[in-house]
Each structure stands twice: as structure tokens, then as C-alpha cells.
Amino acid sequence: MIQRIGKIIILIIVAISLALIQFSFFPSLPGLAQYFYPGLIVLIFILFFSGLKLSLYFILIFGLVLDILSFQFFGIYTISMAVAVIIAAFILQNFLTNKSLYTLGATILIFTFSYNILLASLDFIFSGFVGTLAISQLSFWKTLLYQAMWGLLAAVSLFHLLVLWFNRFKPFFLENKETM
Amino acid sequence: MKIKTKNPWVILVVVFLLLVLLHFINVLQPVERLFFKAIKPISSDLYSWGSNISASHEEKQEREGLVIEIEKLKKELASFVIDKANYQEIEAENKKLKDQLEFVSNHDFNTVLANVVAKEGIFSSSERRDLIIDRGSNSGLRPELAVLSEDGIVVGKIVEVLAESSRICLTTSSGCQLAVSLQNKNQTQGLSDGRLGLTIEMNYIPQLEKIDKGDIVVTSGLSAEIPRGLIIGTVTDVRSESNEVWQSAVIEPILNFNNLTLVSVVIP
């Protein structure tokens, strides 16, 4: 029970911290760094390594913090992320069944694409169909491209870190197993 | 009938819908306000760090151009010294006239200081994003109020207000319009609108009005919420076609809006 409460507290702290960093820090950075969305990358990693349930709990906190801070229609971030993560989970479960770097990369691309399309569409709907749909603008595709690029870069980095980590400890564990 | 369900999907959807409902009937507002107050210093610091990184990045890029700029400015400074002497004389005369006519002083308005906590705009680049400040309706702010930089230059106006935060559109953002006038002989009036997050365009200027490069653009006071005489920028280009009813001017903002961390909102 205590362990479970501890896990929930950690999830809440991580989600709130990432939301604050994503909301205040990265958009004020210059160049391509302003398109880095750490919360979304962590969300895809949670989906890939832990499953849909935990990623939806993460969205409930992370998305709501963004919705509270933002001036957009309340709930827009949470809904977009939740639907995008469900789409990514469905494809991951039915078509991309092995857990490799390529699968993680594909998940990132599917999620990024779905999330941005949903966000642009909902923003257009909730603003009462005023103005132009963001999908028809170059800035939308630029954001999408840079977000996907950062996601893929994070995936490659993480995979290399994991490979390094396991290569370092594999002999130790094997040796222990043989001596036992 | 007892409802027995431990399905996590149902719980998640119900919790989310409940929160959305509570938000729209304003029950959640005290919690949101408290949350915003709690994270305000963190958000402000995070934004400042990002802004400082951005500033140092820009500084590095601009260093080379600065050497040439310094030489140019030194020459300009010499001519400004002469101008300053003339202006001081005019200012003294102006002050006397204002006193006589019982004009309100330039600073006859209240200001509310606010920290910039974020930049927001779905699918827009950094220059085109709106600013979010940590003051809202609880501090007496309302839409259409002018927002100044630390140096007293107009950076934008408030477009949306919540209890503890406000959204500001920058004068360089498209759709951010202000009633402005030129500090020339005729006090030419027009409407300013942002262009691509980089410059400002002054429109609806009658063809017969004479505009010169370098003219200072200030708020005209036609808007009830914005006092007149607040500096916006200087004219860098004039676009005039003989077959058009209006002419327009390109205004260069005096300040770099990327590094704003502290602003003041003018309450007339």
C-alpha cells in the first residue's frame, strides 16, 4: 500500500514538473530547442515500456496542469494526448508487436502525428471555426517535424544508454548465475 | 441498484469529465488559483532561465555586428548631443504650457508589475507566441490594457484575463492592433498591426500625410483603455502607392521582445 502511494506521489511530482518545464522553460529557448516537448517524450516512453494504463494516469495529471496554465479551451491538451496515446497503443498492440528501436521510433511518429492533428482540429473547433485550420499552415508542419525529430533523437539516445547499461552488467549477472 | 465497477478506463473518463465540469461551473477556480499561485515563482524562474539562454545566444550572434554598430552609433551620438540641447529647451516650454492648460501628467496612471511566466501559441514560432503574465483580474487587470517593458515602451496589450494570469499579444504579432499616432507636425493617426512577429505596420494613413523615416510612433489615446503618448517604435519605411486611398508605414520596435521577463500593465 505504502509502495503504491509512493509510486502515485512520484508520478504526480514528475508529471507536474514536466508540465511546468514544458510550459515555461522550453518555449522561451531559441532555435530548435523551443520545439522540445519533454513531457510528450516521457509519455511515449511510459506507453512503450509500461503500458496504456499508466500513460493515461500520467496524462490525467500532466494534461490537466497544462490545461490549467494555458489559455486554450480547458481540456484540449488532455483530450488530444489521451486520444493520441490510445491510437498509438492500438497500433503498438496489433501491428508493432516486438520491442525494438524501430518500434519505439514508429510509436513516436504515430503519437506525434496524431497528437498534433487532434490538437489543431480541436483548437479550430473550440475556437468556433474562426480563422484557418492550423493544418493548412507551414508552422504546423514545422512544429510536427521538429517534435518528431526530437522524439526520435531521444529514442535513439535512450536505446544506446540501455544497451550500454546492459552490456556493462551482463557479464556480472552471467558470472553470478554460473557460479551458483 | 449498486454500481460495481473497478474498470480504470471508466474511472479515468469519469474523473476527467468531472474536472472539466467543475472547471466550467467555476467550482475548480479556487484550486486552480491556489495552484497557479504556488507554481508562479517556479514558472517565472524557469521562463527567466530560458530567456537568459535565449539572450546569450542572440548576443553571441550579434557580437560581430556590434562592432560596426558602435562606430555608427558614435557618429550618431555626436549629433544627438546637439539635438538634446534643443529638446531640453522645447521640453521646458512644453512643461510650462501643460501646466497652464492643466494637462494631465504623462505618468498619471497606475501600473501593475508582472512577471512573464510563459510564451503560448499552438503551432507558432517563438516570436509569434503570446506572453503569459502572473497577474490577472484579481490585480485589477482587464482586456485591452497596454503593457510596457521595463523601459516604458509598449510591448503589447492584454487580450484575455484569468483570476491569476493574463495573456498578452505582442505589438509585432498579427492581429494585435493599437490606435497609434506619429510624433510629426500633424500628429498623423493610424492603426498598428503586427507583421510576422518581427515588425509592426501602421495602416490607414491618408495619402496626403507626410511621413518621414525615423518618426516616433506613440499610442494615440483613441482607445479608452490606453493612454496617449506611450512609445511604440520608429518608422523605418513608408509604403505609398498613388492609386491607393491609404498609405502605410513599417515600424521597428525599439526593444527586443524575446528577452522580456518583467512588464508593467498600465491602468488608466
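The values are calculated or read from the model by the stated rules, or taken from the named source; none is laboratory data. Just so you know, these numbers come straight off a predicted model, no measurement behind them. Virtual Cβ from ideal backbone geometry, glycine too; neighbours counted across all protein chains shown.
In the set (1) touching a residue at least 40 places away in the same chain (Cβ under 8 Å); (2) within 10 Å of chain B (Cβ to nearest Cβ); (3) hydroxyl-bearing (Ser, Thr, Tyr), A:THR112 fails one condition alone, (2). Just one of (1) without any contact (Cβ under 8 Å) to a residue 12 or more places away in the chain; (2) more than 15 Å from the chain's Cα centre (by Cα) fails for A:SER17. It is (2).
In this structure, is B:GLY175 of a type in the set (Gly, Ala, Ser) and on the phi > 0 side of the Ramachandran plot?
Numbers: of a type in the set (Gly, Ala, Ser): yes; on the phi > 0 side of the Ramachandran plot: yes.
Taking the combined requirement at face value, the residue satisfies it.
Condition test on B:ILE158, is it assigned by TED's automatic domain parsing to the domain that holds B:ASN256 and at pLDDT 90 or above? Yes; evaluated as a whole, the condition is true for this residue. The criterion of at least 3 residues that are within 14 Å of chain A (Cβ to nearest Cβ), surrounded by 11 or more Cβ atoms within 10 Å (Cβ to Cβ) and modelled with pLDDT of 75 or more is met, among strands (runs of 3 or more DSSP E) falling completely within region B:33-151, by B:110-120, B:130-133.
In region A:122-154, the qualifying residues are those that are under 19 Å from the mean Cα position of the chain (by Cα) and of a type in the set (Ser, Thr, Tyr), and the one that is surrounded by the fewest Cβ atoms within 10 Å (Cβ to Cβ) is A:TYR146. Restricting attention to region B:211-235, the residues that are within 23 Å of B:GLU76 (Cβ to Cβ) and surrounded by fewer than 14 Cβ atoms within 10 Å (Cβ to Cβ) add up to 3.
To keep it simple, each residue is scored yes or no on (1) within 18 Å of A:VAL85 (Cα to Cα); (2) outside any helix (DSSP H, G or I).
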site	(1), (2)
A:ILE108	yes, no
A:TYR115	yes, no
A:GLY131	no, yes
A:ILE135	no, no
A:SER139	no, no
A:LEU145	no, no
A:ALA155	yes, no
A:HIS160	no, no
A:ASN167	no, no
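Of all residues in region A:25-64, those satisfying the criterion of being touching a residue at least 24 places away in the same chain (Cβ under 8 Å) and within 8 Å of another protein chain (Cβ to nearest Cβ) are A:LEU56, A:TYR57. For region B:154-170, filtering for residues that are away from chain A (no Cβ under 14 Å) and either within 14 Å of B:SER139 (Cβ to Cβ) or among the hydroxyl-bearing types (Ser, Thr, Tyr) (or both) leaves 0. When each of B:LEU191, B:LEU178, B:LEU182, B:LEU222 is tested for being under 14 Å from the mean Cα position of the chain (by Cα) and modelled with pLDDT of 85 or more, the lone residue that passes is B:LEU178.
The residues of region A:33-53 that are closer than 18 Å to B:SER48 by Cα, part of a helix (DSSP H, G or I) and in contact with a helix residue (DSSP H, G or I) (Cβ under 6 Å, 6 or more places away or on another chain), listed by number, are A:GLN34, A:TYR35. Selection within region A:65-82: residues that are assigned to a helix (DSSP H, G or I) and more than 9 Å from chain B (Cβ to nearest Cβ). The member of this set that is nearest to the chain's Cα centre (by Cα) is A:MET81. When each of B:ASN258, B:ASN243 is tested for being in contact with a helix residue (DSSP H, G or I) (Cβ under 6 Å, 6 or more places away or on another chain) and either surrounded by fewer than 20 Cβ atoms within 10 Å (Cβ to Cβ) or under 19 Å from B:ASP193 (Cβ atoms) (or both), the lone residue that passes is B:ASN258.
The set of residues from region B:160-180 being under 13 Å from B:LEU131 (Cα atoms) and crowded, with 17+ Cβ neighbours inside 10 Å comprises B:VAL161, B:SER165, B:SER166, B:ARG167, B:ILE168, B:CYS169, B:LEU170, B:THR171, B:THR172, B:SER173, B:CYS176.
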